[in-house]
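Trainee: Encoded as C-alpha cells, here's the structure I'll be asking about.
The values are calculated or read from the model by the stated rules, or taken from the named source; none is laboratory data. Quick caveat: nothing in here was measured; it's all calculated off a predicted structure. Virtual Cβ from ideal backbone geometry, glycine too; neighbours counted across all protein chains shown. Heads up: the accessible areas ignore ligands, DNA and RNA and are worked out on the full protein's heavy atoms, side chains in. Shrake-Rupley method; radii C 1.70, N 1.55, O 1.52, S 1.80 Å.
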Amino acid sequence: MPRMTAADAAVAILRREGVRCAFGLPGAAINPFYAAMRRDGGITHTLARHVEGASHMAEGYTRARAGNIGVCVGTSGPAGTDMITGLYSASADSIPILCITGQAPVARLHKEDFQAVDITAIAGPLTKMAMTVLEPAQVPGAFQQAFHLMRSGRPGPVLIDLPFDVQMAEIDFDPGTYQPLPVYKPAATRAQIEKALDMLAQAKRPIIVAGGGIINADAADLLTEFAELTGIPVVPTLMGWGALPDDHRLMAGMAGLQTAHRYGNATLLASDFVLGIGNRWANRHTGGLATYTAGRTFVHVDIEPTQIGRVFAPDYGIVSDAGAALKLFVEVTRERESAGWLTDRTAWAQECRQRRATMQRRTHFDNVPVKPQRVYEEMNRAFGPETRYVSTIGLSQIAAAQFLHVYRPRHWINAGQAGPLGWTTPAALGVCVADPDTPVVALSGDYDFQFMIEELAVGAQFNLPYIHVLVNNAYLGLIRQSQRGFDMDYCVQLAFDNVNAPEVGGYGVDHVKVAEGLGCKALRVTEPGEIGPALEEAKKLMAEYRVPVVVEVILERVTNISMGTELDNVVEFEDLAERREDAPTAVVAMLD
Ligand SMILES: Cc1ncc(C[n+]2csc(CCOP(=O)(O)OP(=O)(O)O)c2C)c(N)n1
Ligand SMILES: [Mg+2]
C-alpha cells in the first residue's frame, strides 16, 4: 500500500476529483499542504493578495463552468475567518467551493494556540460540511465526502480544516483505486410532471420563473426547448438570467423590486400561473407576497426538499433536479403535442412581447456628468453575446440588470443573495482562470471597486486580462438612495479633494493611479461620447498587455435607479423610452 502524508493524500484526491487549480495564500500552518501541492505539480495556484479574495476567486471559478469546483486555501486563524464571506455568498447562491484551512496541532487546539480558532464552528451554518480532521487516516474520507456533498442535492460549499500534525502524518492510501462517491440528485417522477402539466393546462396566462438551479443543472437548453414547445414566456430570476437568451422571443423580462424590467413585472402581474423551476422566491424578486401571489397558481420545482414551502406554500411542489424535471417536462409535453393536447399560447406570448416592445426605460442621455443609463447603452454596443459579465451589488449592479443584455448561461455572474462589496474583482479573476478564452467584463461602483482593489495586482501578476467598468458617483449610491426614506444623506459620501489628483475634480480616490500602481491599465472618461472609444481602447490594451484594464466613467453624483417595495409600486425616476432612439440598444423582440 502506498504510504504518504495525509496532505499528499488530500492533494491526490483533489486531482482525482478533477481539481486543476487553487486560489489561496500560504501560512505556516498550511505549509505541509502547499508542500504536497508542490510535489504533485498538477494544481496551478493563483496567489491572492487577500484571503477573502481567494474565496471569491474560487466562487468565480465555479460559477463560470458547469462541473467546476473552486478551491481556496489559507492558513489557520485569520485566513479561515477571512474566507467566511466567500463561504456565505457561495452557500447563499448554491455554489460549491472547497475551502481548505490549516490549523494548530491537535494537542494544542484547546490551549489557545497561536492562530488557533474554531473555524468549523464559525463556518458551520454556511457550509454543507465543516470539519476539523483530527485523525490523519480520516483525511481521505473527509475529502471524498466533501466532493460528494458539494455535488449532491442543492450544491454548496464545504470547509476542511487540517491541523498541522494531521497534514504531516503518514498514512496508507492508494490514489490509484480512489473512486469519487456517487452524486445524489433527486429526480421528478412522471406522475409528478404529468400533474404539473395538467395544472398548467388549466391556466390562461402561464409563465415559467427560471432560477439559478437551471444553470447549476446545466439545463438551459432544456428550458429553452420546453418554453418553445409550450410557447410559454419565461421570467428568469437574477440567478437564472442567461438561461434563455435575452433576444429570445419568449424572454419576458426579469421581475423584482430592483434588478427587474418594467415589462417583466407587468407580465408577472398579468399571469395566472407560475411554474418556478430551480428558484427560491427571493424577497427582492417577489416583493410583498400578497401582491406576488394574488390570483396565481404556483408549481414549485426545487432540488432541496425543504425549499418547497419555505417562502410560501405553492399549490404543488416537486423535489427534483431542474435538469431531470425539465427532461421529463419536455418528454411528456412532446407526447401531449403528438396527441393534439397542447394549448395554443400564441396570443398570451404576443401580449407579453407587446409589453416588452413598449415598456422600455430610457438609456440615451447626453448629459455631462454622465448618467449611468448611458454607460450600459455603450456597453451593449461594445460587448457582444459572447461576453461574460461579473458584478456584485449597488446601483451599478441594479442598473446593469435593468439595461445590459445576457445571452448565455453563466454569462451573468453575480453574488445574488449575499452581495458582498469587493466581490467583483476577485470573482472576475476566478472567471478568467476558469475560461481564459471568453471576454470577461466586470462592473463595479466606486465603493465595490475600492474593497479588495489589491486583487488587481493578482490579475497583473498572473496575466488574467479582463475589462473592469467602474462607474464612479463618489457615493455609496444604493445606500444614499435608500436613505431618502430617512430623509438623510449620512455617511455615504466618498468624495473629497485628493491633494495628489486635482484632476479627479473632488471625486476622491484616483482610481486610474491606483490601478496603474497595481500593474493594470486604466482609462478615465467624463463625457458620454468618450465611453464607446474607451471601451474599444480597453480591448486593445487588454490584448496587448494581458492585464486587467479599468475603464472609469465619472458619473453624475446623484441618479436614482428604479426600485420599489412591491412589484406594482416600482418608482421610475427618469423619463421612460418613448421612441426607439431613447433606448437604442434595447432588445425589443420583434412582433410576429
Ligand atoms: C460588505 C458590505 N457592506 C455593506 C454593504 C451595503 N451596501 C450595498 S451597496 C453599497 C454601496 C455601494 O456603493 P458603490 O459600490 O459605489 O455602488 P453604487 O451604489 O454607488 O453604484 C453598500 C454600502 C454590502 N453590500 N456589503
Ligand atoms: Mg458609488
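Trainee: Can you give the accessible area of residue 488 in Å² (nearest 10), computed on protein heavy atoms with a 1.4 Å probe?
Mentor: 80 Å²
Trainee: Please give every one of the aspartates and glutamates within straight-line cross-link reach of residue 513, meaning a C-alpha to C-alpha distance under 20 Å, and leave out same-chain neighbours fewer than 8 residues apart.
Mentor: 446, 448, 454, 455, 497, 503, 527, 530, 537, 544, 552
Trainee: Read phi for every residue in segment 506-515 and hand back ³J(HN,Hα) as whole Hz from Karplus 6.51 cos²θ - 1.76 cosθ + 1.60, θ = phi - 60°, with x for Gly and Pro.
Mentor: With the stated coefficients, segment 506-515 comes to x, 7, x, 5, 8, 5, 5, 5, 5, 4 Hz.
Trainee: Let me ask another. Can you give me the orientation-averaged projected area of the convex hull built on the Cα atoms of segment 1-124, in nm²?
Mentor: Hull-based average projected area comes out at 8.0 nm².
Trainee: Based on the alpha carbon coordinates of segment 440-538, what radius of gyration and maximum Cα-Cα distance (Dmax) apply, in Å?
Mentor: 14.8, 46
Trainee: Please name which of 472, 6, 462 has its Cα lying farthest along the dipole of the chain towards the positive end, using unit charges on Cβ (Lys, Arg +1; Asp, Glu -1) and the Cα centre as origin.
Mentor: Of the candidates, 6 comes out farthest on the positive side.
Trainee: Taking the simple approach of a point 7 Å from Cα along Cα-to-Cβ for both residue 15 and residue 573, what is their distance in nm?
Mentor: 5.5 nm
Trainee: Could the peptides 181-188, 237-244, 349-356, 451-458 be put in order, highest first, of the mean number of other beta-carbon atoms found within 10 Å of their residues?
Mentor: 237-244, 451-458, 349-356, 181-188
Trainee: Using helices alone, what [θ] at 222 nm do you get for the chain, with -39,500 (n - 2.57) per DSSP H run of 4 or more residues, divided over all residues and rounded to the nearest 500?
Mentor: Taken over the chain, the calculation gives -10500 deg cm²/dmol.
Trainee: Whole-Hz Karplus ³J(HN,Hα) for segment 439-446, in order, using 6.51 cos²θ - 1.76 cosθ + 1.60 and θ = phi - 60°, x for Gly and Pro?
Mentor: x, 10, 10, 9, 9, 9, x, 5
Trainee: Could you sort 558, 549 by accessible area so the largest value comes first, with the probe set to 1.4 Å?
Mentor: Sorted by accessible area, descending: 558, 549.
Trainee: Would you mind working out the magnitude of the charge dipole of the chain relative to its Cα centre, with +1 at each Lys and Arg C-beta and -1 at each Asp and Glu C-beta, to the nearest 20 Debye?
Mentor: 860 debye
Trainee: Give the dimensionless ratio obtained when the Cα radius of gyration of segment 523-592 is divided by 2.2 N^0.38 Å.
Mentor: Against the empirical 2.2 N^0.38 Å value, I get 1.56 for segment 523-592.
Trainee: Quick check for you: with a 1.4 Å probe and neighbouring chains kept, what is the accessible area per residue of segment 531-592, in Å²?
Mentor: Dividing the accessible area of segment 531-592 by its residue count gives 50 Å².
Trainee: How would 539, 327, 204 rank on accessible area, largest to smallest, probe 1.4 Å?
Mentor: 204, 327, 539
Trainee: Multiply the residue gap between residue 289 and residue 367 by 0.36 nm, knock off their C-alpha separation, and tell me the result in nm, one decimal place.
Mentor: My answer for the length gained is 24.2 nm.
Trainee: How big is the dipole moment of segment 171-236 about its Cα centre under a simple scheme where the beta carbon of each Lys and Arg is +1, that of each Asp and Glu is -1, and everything else is neutral? Debye, nearest 20, please.
Mentor: Dipole magnitude for segment 171-236 comes out near 500 debye.
Trainee: Put +1 on the Cβ of each Lys and Arg and -1 on the Cβ of each Asp and Glu in segment 132-276; which of 256, 144, 210 then has its Cα farthest toward the positive end of the dipole?
Mentor: Result: 256, furthest along the dipole toward the positive end.
Trainee: What fraction of the DSSP beta bridges in the chain is antiparallel, stated in percent and rounded to the nearest 5?
Mentor: 10 percent
Trainee: In whole angstrom, how long is each semi-axis of the equivalent ellipsoid of segment 166-320, when you take the square root of 5 times every eigenvalue of its Cα gyration tensor and sort them from largest down?
Mentor: Sorted largest first and rounded, they come to 34, 18, 16 Å.
Trainee: Given Cβ point charges of +1 (Lys, Arg) and -1 (Asp, Glu) and nothing else, what value in debye, to the nearest 20, does the dipole of segment 270-373 about its Cα centre take?
Mentor: Roughly 560 debye for segment 270-373.
Trainee: What accessible area, in Å² to the nearest ten, does a 1.4 Å probe give for residue 412?
Mentor: 20 Å²
Trainee: Check residue 117: other-chain or 5+ apart residues with amide H under 5 Å from its amide H, H built from backbone geometry?
Mentor: Result for residue 117 returns 77, 104.
Trainee: How big is the convex hull of the Cα atoms of the chain, per residue, in Å³?
Mentor: 157 Å³
Trainee: Continuing with the same structure: Taking the full set of protein chains and a 1.4 angstrom probe, give the accessible area of residue 344 in square angstrom, rounded to the nearest 10.
Mentor: 120 Å²
Trainee: Which order do 504, 433 take when ranked by solvent-accessible area (1.4 Å probe, heavy atoms of all protein chains), largest first?
Mentor: I get 433, 504, largest accessible area first.
Trainee: Which percent of Cα pairs goes in each bin when the distances of segment 318-445 are cut into 5 angstrom slices starting at zero?
Mentor: In order of increasing distance, the bins hold 2, 9, 13, 14, 15, 14, 13, 10, 7, 3, 1, 0, 0 percent.
Trainee: Same structure again: Place a point 7 Å from Cα of residue 344 in the direction of its Cβ. Which residues in segment 239-255 have their backbone N less than 19 Å from it?
Mentor: Residues passing the 19 Å test: 250.
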